[in-house]
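Please read through the structure below; I'll follow up with questions.
The values are calculated or read from the model by the stated rules, or taken from the named source; none is laboratory data. What you see is a predicted model, and the numbers here were worked out from it, not measured in a lab. Heads up, the Cβs are rebuilt from the backbone with ideal geometry, glycines too, and the neighbour counts pull from every protein chain shown. Side chains included, ligands, DNA and RNA excluded: accessible areas come from the protein's heavy atoms. Shrake-Rupley method; radii C 1.70, N 1.55, O 1.52, S 1.80 Å.
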Amino acid sequence: GSFKDRGMAYMCAALQSRGVTDLISSSGGNAGLAASAAGRKLGMRVRVVVPTTTKPIMIEKMRAHGAEVEVHGANWNAADELARELVGASGGAAAYVPPYDDPLLWEGHSSIIDEIAAAGVRPDAIVVSVGGGGLLCGVLRGLQRHGWSETTVLTAETDGAACFAKALAAGEPVTLAGITSVATSLGALSASSSAVQMARDDQ
């Protein structure tokens with residue numbers, strides 16, 4: 001998930017410019033690691049709430065960056081609930097940093113398209129991995145900015161965590177009963193409603 005670093009670095013820097021010094025994130029693994037790395041570089045306090053499915057090595061990596069990590073719940077959704085509660089209890093001192101559903105993250109991810117354009121390449125198609133849909137939102141935003149409406153976007157999703165495919169088929173966000181994939185850090189029970197809408201508009 002190197003693209004996570006793009007979005008997180010952009011979002012954390014934007015929050016810091018608004019006077020934020022304390023970040024609270026929820027993550028299955030990759031987003032929390034990116035938030036931890038960005039926060040360390042920016043000198044910000046970072047707290048990450050992860051579910052019990054997050055691998056110990058991922059938690060160790062976050063803590064190595066100085067993040068405070070709390071393990072809570074059987075899946076990301078449960079961890080996210082606690083993260084939001086902690087933000088609410090902070091009295092405005094901390095900012096919520098989601099793993100995929102925020103325009104600031106998408107803007108950071110969209111720099112991928114800017115770099116492709118700067119290299120003088122206009123691709124016929126782009127393959128995008130989808131968990132919650134943050135990267136997809138960023139890619140679509142970048143394509144719109146450059147006027148590349150003819151570039152086809154192909155999405156690939158983890159078997160056992162295909163919330164986005166089910167949402168597209170249903171025409172609206174769908175919540176999975178659970179994640180059965182072994183790639184636990186890549187899955188979300190439901191995709192971003194913005195990702196679903198943007199993808200439908202792009203079809």
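Which shape class, rounded, prolate or oblate, goes with the chain when its Cα gyration tensor gives a ≥ b ≥ c as root eigenvalues, a/c under 1.5 marks rounded, and past that a/b bigger than b/c marks prolate?
oblate
Still on this structure, please answer the following. May I ask you to give the percent of accessible area on the chain that is carbon plus sulfur, with a probe radius of 1.4 Å?
51
For the stretch 1-130, what relative contact order do you get, as a whole percent, if you take Cα pairs closer than 8 Å and at least 6 residues apart?
30
Given a 1.4 angstrom probe, what's the average accessible area per residue across the chain, in square angstrom?
47
Tell me, what is the 1.4 Å probe accessible area of Met44, in Å² to the nearest 10?
Number for this one is 20 Å².
Follow-up. Based on Cβ point charges of +1 for Lys and Arg and -1 for Asp and Glu, what charge dipole magnitude is obtained for the stretch 1-98 about its Cα centre, in debye rounded to the nearest 20?
Using only the charged Cβ atoms, the result is roughly 360 debye.
Amide H to amide H under 5 Å from Val49: which residues, 5+ apart in sequence or cross-chain, H placed 1.01 Å off N in plane?
Ser25, Ser26, Ser27, Glu70
5 Å is the cut-off here: which amide hydrogens, built 1.01 Å from N in the peptide plane, fall below it relative to Thr155, excluding neighbours closer than 5 in sequence?
Those qualifying (amide H under 5 Å, at least 5 residues apart or on another chain) are Val128.
I would also like to ask the following. As I understand it, the value is the acute angle between the Cα axis of helix 30-42 and the longest principal axis of the Cα atoms of the chain; what does it come to in degrees, rounded to 10?
Roughly 70 degrees, rounded to the nearest 10.
Separate question: So what's the angle, to the nearest 10 degrees on a 0 to 90 scale, between helix 76-89 and the longest Cα principal axis of the chain?
Between helix and principal axis, roughly 60 degrees.
Relative to the Cα centre, what is the charge dipole magnitude of the chain, using +1 at the beta carbon of each Lys and Arg, -1 at the beta carbon of each Asp and Glu, and rounding to the nearest 20 debye?
Using only the charged Cβ atoms, the result is roughly 500 debye.
Something else now. Starting at the first residue of the stretch 126-138, write each ³J(HN,Hα) from the Karplus equation 6.51 cos²θ - 1.76 cosθ + 1.60 with θ = phi - 60°, in whole Hz, x for Gly and Pro.
Ordered by residue, 3J(HN,Hα) equals 10, 9, 10, 6, 10, x, x, x, x, 5, 4, 4, x Hz.
Between beta-carbons, use under 13 Å as the cut-off and find the net charge around Glu68, counting Lys and Arg +1, Asp and Glu -1.
Counting the neighbours of Glu68, the net charge comes to +2.
Follow-up. Loop-only check: which trypsin sites (Lys or Arg not before Pro) in the stretch 1-100 are DSSP coil with at most 10 other Cβ within 10 angstrom?
Within the stretch 1-100, the qualifying trypsin sites (Lys or Arg not before Pro) (loop, at most 10 other Cβ atoms within 10 Å) are Arg18.
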